[in-house]
Structure formats: structure tokens, C-alpha cells
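Structure first, commentary second.
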Amino acid sequence: MPTDPTPRSATAPTRFAVLGTGHWARTTHARALADHPDVEFAGFWGRDGEHAATAAAEFGVDSWSGEEGLSDLLARVDAVSLALPPDVQADLAVRASDAGVHVLLDKPVATDLAAADRLVEAVRRNGTASVEFLTYLFMPEITTWLAELTELAERHGPWEGGVFRWAGSIDTPGNPYAGSRWRRERGGLWDTGPHALSIVRSLFGEVEAVAAARGPRDAVGVALQHRGGAGTTLSLTLTAPEGTGGSFATVWGPGGRHDLPRFHGTAAEGFARAVDRLRTAAATGVPDALDVRNGRDAVAVLAAVEAHLQRPDGTTAVVVAQG
Ligand SMILES: NC(=O)c1ccc[n+]([C@@H]2O[C@H](COP(=O)([O-])OP(=O)(O)OC[C@H]3O[C@@H](n4cnc5c(N)ncnc54)[C@H](OP(=O)(O)O)[C@@H]3O)[C@@H](O)[C@H]2O)c1
């Protein structure tokens, strides 16, 4: 294991590996890296050597596994992208950063605030670059819409409210995430919540207070109070009945009422833009707006929602008429 945490690359990193061997690791992270004209895709690391070798064979690259394999890999690459359960991702990203390797994370950056803070501190301490891949924020239809809405708010006044519905259906037959442990444990709050928050936080600024109540299975309804006075609501789940999943959002204020548009590119195309952003951040030394600090602040909101849900007095019962 290298002891010098000086970033391997003071220029744009070229040699990348993927930590993780699952569906998303292969179809999005690896696909984007293999197709990227300016990077060399070195291979996969996985805890399971056979899974890593199978994924690597698909792309004609190397594979690593286990503790020693990870140390060896980190000594050979400039950057890693992580497609692992987020509770595993955070501390592995700290380890990569401590080895001087730049990190391209997936959402959420962690599933508890202490781990997110460790990650922020590691990236600061080591001077490595970081970017969190928040799919919607790497799609031109969405970023153009956000820029237009920001301009409208500057002209007419801040947005006052919004409703955000983000729902997956992982119990639909054939869904690649049906067996995902962390999704079953943490639900839509931690899986679809980061997507909703990526839009909410782009338009409404920092969240100051939260309240929440549970729905069926993992579903949660969340109310967010923003600095400046706006209020937004989120409806999040991973287990929407078949045919009822999907996401939509509407925001309103003095600049009118507006619906979030659809995007049309693939996730791998978006991920390639995240690779470019990481390379720029590493080469310039200027942190990306979607770095681990931004990711940590989203985790803080999700953790506050979870804390609210766990309070014994988290909801106020409605008085039901007798008789
Ligand atoms: N933006 C999006 O739309 C989107 C979509 C999908 C996923 N993602 C993100 O991508 C990340 C990974 O998601 P995923 O769906 O691939 O997760 P996952 O299916 O739950 O797990 C991915 C892989 O991680 C490995 N793994 C599990 N536990 C591990 C551990 N303790 N140590 C090391 N490896 C472990 C497993 O591979 P082995 O069994 O081979 O070890 C598993 O196949 C998450 O952050 C998720 O939010 C984003």
C-alpha cells in the first residue's frame, strides 16, 4: 500500500478502475470508462474474485479482489469509480484517497453522517479530487432547465415550493436491484432521495429542517423547510406497485409553475461527463460543485429525515370521531 497520499496525478487522471462488479458497475461505470477517449480503463475490483474476473472478461481488462488486490490496484491507478453499496463505498473511498487516488462516487456518498464527514476530511487532507455522480445533474435537458429556472428566480423572486415524487419498483420481475441488500435495508429514502434532493437543493438552497411520515413498506413522505422560507415535499419509495413507478417534479413561485423535463441520454453518457468533471477538478485543483462536501450535505438531510422517522413522537395522531 502506498504511504504517500500525494495525489497520483496533478494533471487529469487517465488510469481508472471500477470498485464493484454489479449491474450498475458494468453497464454505467465500466461502459463509460471503456468508451471514454481520454482515459484508460484498467479493470474491476470486487470482494468476490470470480465476479470481478467475469466482469473484467466482458471488457477485456484486469481484475483484482480481496484486501491485497485492493492495495495493489490503488498503487496502479490515478482514479477509481465506486459502484458499491453506499455504506461500503464511503470508507473504501477514504482508503483510495489516502492512497492518493481521485474518487468518482455514486449516490449517496454514505448512509451515515459520520462516514460522510470522514470522507470529506480524507479528500481535504490528501488533496485528491472527488465527484458524486448524480444522474440528473449530468444530463443537458436537466441542467439547461435548472439554469433557466435559476434565471427566472433571479428576475422574479425565489421559488416558493415544489413537490417531488421519485419511485422505483424493485419488486418488478427482472429488476436488477431486487437482491440489493442496502436498498432493502435503507429503502427509497436513501436510494431515490438523493436524486430528488439533487434537484431540490439546486433550486431551493439549503435545507434547515425536516419532518417525515411513513407510507407502505419503505415509502416515506418528507417535508423540507429551506433557508429563506421555501417549503418542498418529497414522496420516495423503491417498492411502488408494478407500473406505478417513475419520477416527476413541479416547482412554483413568482416566476410561474414548471415541470421537471425528461432526459433522453443514457446513464453511461452522463457518467462520461462526470469522468470529465473529475479530471478537470484533479488537473485544476478546484473542487467540483458536486464533490464530497456537497454529497455530505445531502447525507445530512437524509440522516435528519431518518432521525425524524425514528422519533416516538414523530407524527401527531388525528382525533378520529367515535361511533
Ligand atoms: N444513478 C442511478 O440511477 C443509479 C442506479 C443504480 C445504482 N446506482 C448507485 O450505484 C451504487 C451501487 O449500486 P448497486 O445497485 O450496484 O448496489 P448493489 O447491487 O446493492 O451492490 C453492488 C455490488 O456490490 C458488491 N458488494 C456488496 N456488498 C459488498 C461489500 N460489503 N463489500 C464489497 N462489495 C460489496 C456486490 O458484488 P459482489 O457480490 O460481486 O461482491 C454487489 O453486486 C449505489 O451507490 C447506487 O445508488 C445509481
Exercise for the section: Beta carbons within 10 angstrom, averaged per residue: use that to sort the peptides 107-119, 237-249, highest first. Expected result: 107-119, 237-249
Problem - Nitroxide proxy distance, nm - points 7 Å out along Cα→Cβ at Glu154 and Ala300 - result: 2.6 nm
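Summarise the long-distance tail of P(r) for region 186-323 by giving the % of C-alpha pairs beyond 20 Å.
Counting pairs separated by more than 20 Å, the tail of P(r) holds 58 percent.
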Completion exercise
One point scatterer per Cα, no solvent, Debye formula: log10 I(q)/I(0) for region 88-200 at q = 0.16, 0.21, 0.23, 0.24 Å⁻¹ comes out as -0.93, -1.15, -1.21, -1.25
Fill in the blank from the handout: Restricting to Cα pairs under 8 Å and 6 or more apart, the percent relative contact order of region 140-263 works out to 40 percent
Problem - Choice from Glu185, Glu50, Glu141 with maximal GNM fluctuation in the chain (Cα, 10 Å cutoff) - result: Glu185
Exercise for the section: For a quick protection proxy, order the peptides 94-106, 64-76 by their average other-Cβ count within 10 Å, most packed first. Expected result: 94-106, 64-76
Handout entry: Charge-dipole axis of region 140-263 as Lys and Arg at +1 and Asp and Glu at -1 on Cβ define it, positive-most pick from Gly179, Gly255, Val220
Key = Gly179
Exercise for the section: In debye, nearest 20, what is the charge dipole magnitude of the chain about its Cα centre with +1 on Lys and Arg Cβ and -1 on Asp and Glu Cβ, if you could check? Expected result: 480 debye
Completion exercise
Share (percent) of C-alpha pair distances in the chain greater than 38 Å works out to 16 percent
Practice task
Calculate for the chain the 222 nm mean residue ellipticity that helices alone would give, adding -39,500 (n - 2.57) per DSSP H run of length 4 or more and normalising by residue count, nearest 500 deg cm²/dmol.
Solution key: -13000 deg cm²/dmol
Handout entry: Mean-position separation - Cα centroids, region 133-203 and region 95-126, in angstrom
Key = 22 Å
Handout entry: Largest to smallest principal axis extent of the C-alpha atoms in region 140-263, angstrom
Key = 47, 30, 19
Problem - Heavy-atom accessible surface of region 140-263: percent carbon and sulfur, 1.4 Å - result: 53 percent
Problem - Value of relative contact order over region 38-103, rounded to a whole percent, pairs C-alpha under 8 Å and six or more apart - result: 25 percent
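The values are calculated or read from the model by the stated rules, or taken from the named source; none is laboratory data. Worth saying up front: this structure is predicted, and the values here are computed from it rather than measured. All Cβ positions, even for glycine, are placed from backbone atoms using ideal geometry, and neighbour counts span all protein chains on display. Remember, those area values only see protein heavy atoms, side chains included, never the ligands or the DNA or RNA. Shrake-Rupley method; radii C 1.70, N 1.55, O 1.52, S 1.80 Å.
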